[in-house]
1. Contour minus end-to-end for His21 and Arg61, with contour as 0.36 nm per residue of separation and end-to-end as the Cα-Cα distance?
2. 222 nm [θ] for the chain, helices only, -39500 (n - 2.57) per DSSP H run of 4+, per residue, to 500?
3. Starting from the Cα of Lys99, step 7 Å toward the Cβ, then list every residue of region 49-78 with an amide N under 15 Å from that point.
4. Tally Lys/Arg at +1 and Asp/Glu at -1 over every other residue whose Cβ is under 10 Å from the Cβ of Tyr65; what's the total?
5. Given N residues in region 3-119, what is its alpha carbon radius of gyration divided by 2.2 N^0.38 Å?
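Laboratory data are not the source of any read-out in this text; all were calculated from the coordinates shown. Because the structure is predicted, anything quoted here is derived from the model rather than measured. Positions of Cβ are generated from backbone atoms using ideal geometry, with glycine treated the same way; all protein chains shown enter the neighbour counts.
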Amino acid sequence: MTAKDFRRIALSFEGAEEGSHMGAVDFRVGGRIFATLASVKEGYGNLMLTPELQAEFIAGRPDLYLPVHGGWGRDGATHIRLAVADEDSLRGALQTAWKLRAGKNSKGGRKASTRARRAR
C-alpha cells in the first residue's frame, strides 16, 4: 500500500477530514486526530490507538505493526508498514483508529481546547 492508499481509505470514513499537524498530514474526525502520515518518508502510516489495542495489533502481526518511538508509542501511537499492508489490513487498522476518536466525540462531545478554556 502507499500513502495515496492510506489517504483514500482514511478519508472514506464518515466525517473524516484531512488536516495538518506539525507539518505532517493528519486525518481527523470531529477535530480529533486518528491517523497521520508523519512517518511516510520512513514507509509508515501512523494510527492513534490505545496501548491495549496496540499490543493486540503487534502481537497479531509484528511484521506489520510497531510502536511509534518514545512517549507517543507508549500512549498507543502505532506505525503500520505500508509496504507490508494490504487493503484489508490497512482499512481495518484505520477503521479501528477512526472508531476510537469518533466514539470519544459522541460521548459528551469534544473538550474545549486549552486556549478556549483559558479564555473563560
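1. The span from His21 to Arg61 would gain 11.6 nm if fully extended.
2. The helix contribution divided over the chain gives -11500 deg cm²/dmol.
3. The answer is 49-50, 52-54, 56-57, whose backbone nitrogens lie closer than 15 Å to the label point.
4. 0
5. 1.04
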